[in-house]
Amino acid sequence: MLDPTRRFANRVQNYLRYRPRYPSAIIPLLESECGLRRESVIADLGSGTGFLTELFLKNGNRVIGVEPNAEMRLAGEELLASYSRFSSVNALAEATTLSDQSIDFVVAGQAFHWFDRERARPEFRRILKPDGWVVLAWNGFRAESSPLMAAYQQLILRHSTDYTEVRRELDSRDLESFFAPGNCKSAHFNFQQLFDYEGLEGRLLSSSFVPEPNHPNYQPMLLELQDIFAAHEKDGAVAFEYDTELYYGQLPAR
């Protein structure tokens with residue numbers, strides 16, 4: 001597969017315009033379950049365009065975004081420029097350059113499955129305070145939630161470049177062993193985006209596993225997407241269904 005740190009370099013604008021933010025309900029959950037406070041310092045690893053970072057900045061937290069992809073990092077810096085408590089670092093999740101025991105919460109949105117877990121785990125431990133937490137989130141589309149979403153899934157399976165490999169990465173996140181001998185808790189949030197055709201196309205093209213314009217599958221894919229939209233739209237829009245998966249826990253001491 002393409003180097004994970006480069007996968008979204010050509011997808012930034014579509015990612016910014018058409019990918020969803022994270023549910024605001026994550027914040028009160030972490031407050032009640034993990035003791036999140038406004039004083040908590042957050043490290044968002046694989047911070048990308050800054051969507052998860054922004055959720056914590058709006059809560060008043062200091063957030064350090066750690067992102068190795070230059071295009072995504074710049075987009076995040078521009079999006080979050082008005083937040084005085086945001087800083088940005090060009091580094092990897094496995095080698096963050098952050099100080100020992102300086103972080104209350106290590107978080108990752110849409111990114112943990114790309115990390116080298118054998119190297120990331122000791123790095124998380126190093127930068128976390130002794131009572132720190134790890135929070136992992138994914139916004140995933142609900143493939144079987146409606147006829148539209150089932151058709152969208154089949155389109156991806158037919159035309160994608162490496163969706164099967166990406167899905168295998170997601171299915172093998174192995175969170176239990178990452179947190180062992182402790183464990184992690186989980187929560188789920190359902191929501192939707194309403195798209196006109198332009199939005200649905202932009203959402204598709206924001207994915208790293210779909211063909212780019214010079215690929216032979218690109219035009220056939222878009223023609224099929226137009227048919228899918230026409231078959232399922234109501235008043236010029238379709239409902240794109242999501243499930244946010246949230247996992248949170250503490251790593252054992254060394």
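The values are calculated or read from the model by the stated rules, or taken from the named source; none is laboratory data. Nothing here was measured: the structure is a model prediction, and the numbers come from that model. Cβ sites come from the backbone with ideal geometry, for glycine too, and all protein chains shown count toward neighbours. Calculation scope for accessible area: heavy atoms of the full protein, side chains included, ligands and nucleic acids excluded. Shrake-Rupley method; radii C 1.70, N 1.55, O 1.52, S 1.80 Å.
Protein heavy-atom accessible surface, 1.4 Å probe, per residue over the chain: 46 Å². Only helices enter this figure: runs of n ≥ 4 DSSP H residues, each worth -39500 (n - 2.57), summed and divided by the residues of the chain, yield -11000 deg cm²/dmol at 222 nm to the nearest 500.
For the pair the range 10-60 / the range 93-148, the C-alpha centres are spaced 12 Å from each other. Here the simple spin-label model places points 7 Å from the Cα toward Cβ, and for residue 158 and residue 237 these points are separated by 2.7 nm.
So if each residue of separation counts as 0.36 nm, and I subtract the Cα-Cα distance between residue 227 and residue 90, what length gain in nm does that give?
Length gained, residue 227 through residue 90: 45.2 nm.
With the simple model of a label 7 Å out from the Cα in the direction of the Cβ, residue 102 to residue 198 spans 4.3 nm.
Between residue 27 and residue 126, the contour length at 0.36 nm per residue exceeds the alpha carbon distance by 33.2 nm.
Across the chain, C-alpha contacts under 8 Å between residues 6 or more apart give a mean separation that, scaled by the residue count, equals a relative contact order of 22 percent. Taking every C-alpha pair closer than 8 Å and separated by at least 6 residues, the mean separation divided by the residue count of the range 56-153 gives a relative contact order of 24 percent. Computed over protein heavy atoms with a 1.4 angstrom probe, the accessible surface ordering of 104, 235, largest first, is 235, 104.
Between residue 38 and residue 145, the contour length at 0.36 nm per residue exceeds the Cα-Cα span by 34.9 nm.
Calculate what fraction, in whole %, of the accessible area of the chain sits on carbon and sulfur atoms when a 1.4 Å probe is rolled over the protein chains.
47
Excluding same-chain neighbours fewer than eight residues apart, the lysines reachable from residue 129 by a Cα-Cα span under 23 Å are 58, 185.
The alpha carbon convex hull volume per residue for the range 187-254 rounds to 116 Å³.
Highest-first packing order for the peptide set 63-72, 16-25, 243-252 is 63-72, 243-252, 16-25, based on the mean count of other beta carbon atoms within 10 Å.
Kirkwood analysis of the Cα pair distances in the chain returns a hydrodynamic radius of 19.0 Å.
With kT/(6 pi eta Rh) evaluated at 37 °C and eta = 0.692 mPa s, and Rh the Kirkwood radius from Cα pairs, the range 171-216 diffuses with a coefficient of 225 µm²/s according to Stokes-Einstein. Within the range 136-254, all pairs of alpha-carbon atoms sorted by distance into 10 Å bins from zero give the percentages 12, 37, 29, 15, 7, 1. With a cut-off of 15 Å between beta carbons, the residues surrounding residue 86 carry a summed charge of 0, where Lys and Arg count +1 and Asp and Glu -1. How much of the DSSP beta bridge set in the chain is antiparallel, as a percent to the nearest 5? The answer is about 55 percent antiparallel.
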